Amino acid sequence: MPNITINLPNEIFYSRRLPPKEFVEDLRLVAAIYWYQKGEIYQEKAAKIVGINRRDFLKALSREQVDVFNVDFNDLQ
């Protein structure tokens, strides 16, 4: 599995009040939700990015008040 290194100023961690490990977990979740909302990835892939199962990803979407289903109303017409 590839590793990615991101250098961030210490004040980022202080402002979020998260230790670096939890910050990275949160960053992975935020990225997965963003890409899922844009329709670039499916729930299963998003869950893999975060390192959780699909059911827990759905719970995270609910916790973050993100719609579970992405519906393009133009496609429905």
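Structure values in brief
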item: Net length gained if the chain between Tyr42 and Phe69 were fully extended (0.36 nm per residue, minus Cα distance); result: 8.7 nm
item: At least 20 Å along the helix axis (C-alpha) and Kyte average at least -1.0, DSSP helices within the chain; result: 20-37
item: Low-density loop cleavage sites - chymotrypsin sites (Phe, Trp or Tyr not before Pro) in the chain, where at most 13 other Cβ are within 10 Å (DSSP); result: Tyr42, Phe69
item: Which label in (1) 12.5, 42; (2) 18.2, 66; (3) 14.6, 49 gives the computed Rg and Dmax of the Cα atoms in Å; result: (3)
item: Positive minus negative residues near Pro19 (Lys, Arg vs Asp, Glu; Cβ under 11 Å); result: 0
item: Dipole in debye (nearest 20) - the chain, about Cα centre, beta carbon charges: Lys, Arg +1; Asp, Glu -1; result: 280
item: Structure-based [θ]222 nm, the chain - -39500 (n - 2.57) summed over DSSP H runs of at least 4, per residue, nearest 500; result: -17500 deg cm²/dmol
item: Label-point separation in nm, Tyr34 to Arg16, each point 7 Å along Cα→Cβ; result: 1.1
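Since every read-out is calculated from the coordinates, none of them should be taken as a lab result. Remember, predicted model here, so these are calculated numbers, not experimental data. In this analysis, Cβ positions are derived from the backbone assuming ideal geometry, glycine residues included, and neighbour counts consider all displayed protein chains.
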